[in-house]
Structure formats: structure tokens, C-alpha cells
1. Of all residues in segment 209-233, which are touching a residue at least 24 places away in the same chain (Cβ under 8 Å) and over 14 Å from G82 (Cβ atoms)?
2. Hey, G129 hits all of (1) within 19 Å of V253 (Cα to Cα); (2) without any contact (Cβ under 8 Å) to a residue 12 or more places away in the chain; (3) small (G, A, S) but one; which does it fall short on?
3. Exactly one of (1) loosely packed, with under 13 Cβ neighbours inside 10 Å; (2) under 24 Å from R232 (Cβ atoms) is unmet by L195. Its number?
4. Any residue in segment 30-45 that is at pLDDT 80 or above, farther than 25 Å from I196 by Cβ and surrounded by 12 or more Cβ atoms within 10 Å (Cβ to Cβ)?
5. Can you find a residue in segment 76-85 that is within 18 Å of F35 (Cβ to Cβ), aromatic (F, W, Y) and either in contact with a helix residue (DSSP H, G or I) (Cβ under 7 Å, 6 or more places away or on another chain) or surrounded by fewer than 20 Cβ atoms within 10 Å (Cβ to Cβ) (or both)?
6. Out of the residues in segment 131-155 that are aliphatic (A, V, I, L, M) and closer than 10 Å to L235 by Cβ, state the one that is modelled with the highest pLDDT.
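The values are calculated or read from the model by the stated rules, or taken from the named source; none is laboratory data. Not measured: the values here are computed from a predicted model. Positions of Cβ are generated from backbone atoms using ideal geometry, with glycine treated the same way; all protein chains shown enter the neighbour counts.
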Amino acid sequence: MATQTTALSRTASVPVSTGVLLPAFTLWLREIVRFYRQTTRVIGVLASPLVFWLVIGSGFGTSFHSSDAPGQNAYLDYFYPGALIMIVLFTSIFTMMSVIEDRKEGFLLSVLVAPVPRSSIVLGKVLGGTTLSAIQGMLFLVFAPFAGIHVTLTQVLLVFVVVFLVSFALTALGFAIAWPLDSSQAFHGIVNLFLIPLWLVSGALFPMSGASGWIRWLMRINPLTYGIDALRILLYPGTETTFPLSSSVATLVLFSLVMFGLAFLMANRRTTRPAA
């Protein structure tokens with residue numbers, strides 16, 4: 001009898017895992033609700049790329065013509081896919097600042113000591129940021145007619161696939177960057193030093209054909225180049241791009257898997273410290 005009581009007490013003391021999906025869904029929902037409760041954050045994410053697109057696109061006007069973009073009458077048209085990716089970049093990366101905020105508030109520590117696998121934490125946070133950035137990016141399609149774009153339902157679905165892949169990869173990258181950091185200042189420093197230049201050499205502002213040799217090399221190894229190329233093919237059918245659509249999508253899938261793997265490794269290697 002005593003042996004059975006001891007065995008039962010040991011069993012009761014062992015935490016029971018709730019699996020992966022339920023904790024991931026809970027964290028995903030928390031990211032959605034948290035983001036849309038911050039109205040200024042939503043406005044900033046949408047307004048900044050819109051201002052960039054209008055000011056830079058209108059500034060160049062018709063003085064910029066790219067051999068890679070036949071049929072696009074003005075720079076405003078050429079810059080449109082780049083502005084869409086900028087929205088995705090900003091939303092994906094900056095939603096992962098919540099990792100640092102959760103650490104300071106003690107929420108992340110309570111999640112880590114709960115009987116849930118680390119994979120559910122990564123999946124929930126990354127999918128939450130991906131959903132937000134994909135929605136924000138697709139909302140930008142409202143301005144497509146001003147860039148001479150008239151999309152069909154099939155085009156919208158294909159654009160969503162590309163936007164989702166880019167969002168997922170960038171959100172996972174943002175998670176991997178934010179996980180070991182303790183301050184939002186350090187996070188902003190890395191974003192300004194690394195991620196904004198990554199967007200600048202993605203073909204968003206200028207085509208690869210007219211770039212210098214070393215810039216052209218950077219553009220070829222930049223995963224965002226493939227995302228913008230894919231969007232340009234889908235939004236402007238018949239456009240000549242550096243890479244075919246199938247190669248661009250395959251590269252984005254690989255990029256997404258690698259970034260999620262990196263985020264998962266970071267979450268399992270580092271132990272979150274409570275805020276000082």
C-alpha cells in the first residue's frame with residue numbers, strides 16, 4: 001500500500017505536457033490581440049511604407065526605366081512590390097520585439113517553466129507574427145490600382161503564398177535575433193545595421209541589371225530578392241525577372257525552413273533570464 005502511494009505521488013509530481021498545438025495556438029492568439037490593441041503600432045506599420053512608396057516613387061516619376069520591368073510606366077509602379085515587402089519586413093521583425101517585452105514582464109519565464117515544449121513557443125510566436133505581417137502586406141493590395149495593377153483572384157492567392165513565405169521566414173529570423181537579447185535598443189541596432197540594408201539590396205529600389213558587380217552578387221544571395229522577383233512576376237505578368245517563379249518560390253520555402261530551424265535552435269540553446 002505504501003509503495004502504491006509513493007508511486008502515485010511521484011506520478012502526480014511529474015508535469016503533464018499539454019502537447020504542441022494548444023500552447024502554440026494560445027501564444028498565436030495572444031500575439032494577434034496584443035498587436036491590434038496597439039493602434040499606433042498598426043498605423044505606423046502601414047503608413048511608413050506607404051509614405052516611402054508615394055514620396056520615392058513620385059520623386060523619380062518617369063525618369064527611371066528598367067529593362068527588367070517592361071510595361072511599367074513609372075517608378076511608382078516598379079517600387080510597389082518593394083513597398084509591399086517593406087510592410088512585411090517591418091511587421092515581421094518588430095512583432096518579435098514582444099519576445100523581449102515578455103522577458104521583462106516575466107511572462108516568457110512563466111511559459112518556459114510550464115509543461116510545454118519549446119517548439120510550441122517558437123511555433124506560436126512565429127505564426128502570430130507571420131499572420132500579422134501577411135495580413136498587413138495583403139492590405140497593401142488596396143493600393144494596387146494606383147500602380148497600374150489589376151489582380152484576379154488567382155493572382156491574389158498566389159501573392160498570398162509568396163507574402164506568407166516571406167513573412168514566416170522574416171518572423172522566424174526576428175525571433176532568433178530577439179531571443180538572446182535583453183533590450184529593445186540592441187534589437188533596433190541589429191535591425192538598422194543588417195535587415196534594412198537587406199531590403200535595400202533586394203531589388204526593391206533598383207534592378208539587378210543596372211547594379212555594380214559586388215551589389216549584384218549581394219542581390220543574388222539575398223533571399224528577399226527572390227520574394228520581390230516572385231511578386232513582380234505575379235503582379236506584372238510578362239515581366240522579365242532575374243529568376244523564374246518556380247526558383248523564387250523554392251528559395252523562399254528553403255529560406256523559411258532554415259530560419260524556423262534557427263529560431264528553434266536558439267530557443268533550445270538559451271535560457272531566458274528574469275529581468276533585473
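1. S209, G210, P223 - these are the residues of segment 209-233 that are touching a residue at least 24 places away in the same chain (Cβ under 8 Å) and over 14 Å from G82 (Cβ atoms).
2. The number of the failed condition is (2).
3. Against the list (1) loosely packed, with under 13 Cβ neighbours inside 10 Å; (2) under 24 Å from R232 (Cβ atoms), L195 comes up short only on (1).
4. Within segment 30-45, one or more residues are at pLDDT 80 or above, farther than 25 Å from I196 by Cβ and surrounded by 12 or more Cβ atoms within 10 Å (Cβ to Cβ).
5. No, every residue in segment 76-85 fails to be within 18 Å of F35 (Cβ to Cβ), aromatic (F, W, Y) and either in contact with a helix residue (DSSP H, G or I) (Cβ under 7 Å, 6 or more places away or on another chain) or surrounded by fewer than 20 Cβ atoms within 10 Å (Cβ to Cβ) (or both).
6. Out of the qualifying residues, it is L141.
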